[in-house]
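The values are calculated or read from the model by the stated rules, or taken from the named source; none is laboratory data. These numbers come from a predicted model, not from an experiment. Note: ideal-geometry Cβ built from the backbone for every residue, glycine included; neighbour counts use all protein chains shown. Accessible surface areas use protein heavy atoms only, side chains included; no ligands, DNA or RNA. Shrake-Rupley method; radii C 1.70, N 1.55, O 1.52, S 1.80 Å.
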Amino acid sequence: MTLASRNAVVTGSTSGIGLAIARALAKEGANVTINGFGKAEDIEKERAAIETEFGVKARYSPADMTKPDQIAGMIAEADKAFGSVDILVNNAGIQFVAPVEEFPVEKWDQIIAINMSAAFHAMRAAVPGMKARGWGRIISTASAHSKVASPFKSAYVTAKHGIAGLTKTVALETATHGVTVNCISPGYVWTPLVEAQIPDTMKARGLTREQVINDVLLEAQPTKQFVTPEEVAAFVVFLCSDAAKQITGANLSIDGGWTAE
Ligand code: NAD
């Protein structure tokens, strides 16, 4: 139990990668605040399962990552409930696929807010406590799209490149305070986010569902396999360990070799 007595906030953790991260941190003994959207009864089931399976405290924040005041409130409430926010995982994210000239302006604003600015607002609120305690771990789920682009994903690629820059900057600001700040850049992970973009990609590229999976998604990944949420979660747990204390300001790939090409 490497993370016993640590308290974590994981944004966008009612589904996919975030849920796997929250569960993996709890398995290592951390109390967790989960966040995200979904049916109330499903969220409560996941929250309660974390408590019973791992013997930690788990709470839910409904904060909307497009709302700076709600993000600051989420950090303040987690701090009050558990006594600290030692681990912050900025993971909430959405996707939208369209050519730039047809890209809806409100989708651009929403993706920049959720996938990028939310991490700034959460870090801004969590860093003072981490600095004061001399220990902290901030990990953001970036993407292979923080390093390379794909067509039709202008907002997503912009936001993820922004996360990589924010990570480096805050890592430098916190480097002497026992706080590490990193981002993880997965390739394609089979989650609802990937499944949901298949119809739009079919439309944008004029392909069948199978062609999108094999010729667009897995085409990018030399291993020809999806990354699993659990593999990403294990990476986060490692970055939270003391063995990882010299890893900061890094943008770490877990992409089956995608960005090696
Ligand atoms: P997902 O759709 O399964 O989960 C997204 C989570 O974000 C959900 O819990 C959802 O409720 C939450 N969310 C969405 N809008 C929100 C808002 N306004 N406020 C609060 N929460 C909100 O997706 P996922 O694939 O698990 O993605 C998680 C992260 O991983 C994202 O940042 C995504 O960009 C990144 N990522 C995913 C992949 C992939 O292939 N799935 C690859 C690289 C990076």
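Per the listing E210, E219, E173, E195, the residue uniquely outside any loop (DSSP other than H, G, I, E, B), modelled with pLDDT of 95 or more and open to solvent by 20 Å² or more (accessible area, probe 1.4 Å) is E173.
All conditions but one from (1) over 18 Å from the mean Cα position of the chain (by Cα); (2) within 14 Å of the ligand (Cβ to nearest atom) apply to M74; the one that does not is (1).
Select from region 7-38 the residues that are polar (S, T, N, Q) and within 13 Å of the ligand (Cβ to nearest atom) and list them in ascending order. Before the answer, list the steps.
Of the residues in region 7-38, the ones polar (S, T, N, Q) are 7, 11, 13-15, 31, 33, 35.
Correct list: T11, S13, T14, S15, T33, N35.
Exactly one residue among A92, A126, A98, A118 is closer than 30 Å to A4 by Cβ, in contact (Cβ under 8 Å) with a residue 12 or more places away in the chain, among the small types (G, A, S) and not in a helix (DSSP H, G or I), and that residue is A92. Filtering D242, D200 for residues that are of a type in the set (D, E), out of contact with any helix residue (DSSP H, G or I) (no Cβ under 8 Å at 6 or more places or on another chain) and over 22 Å from A98 (Cβ atoms) leaves a single hit, D242.
The selection criterion, being in a helix (DSSP H, G or I), touching a Phe, Trp or Tyr at 6+ places or on another chain (Cβ under 6 Å) and at negative phi, holds for A155.
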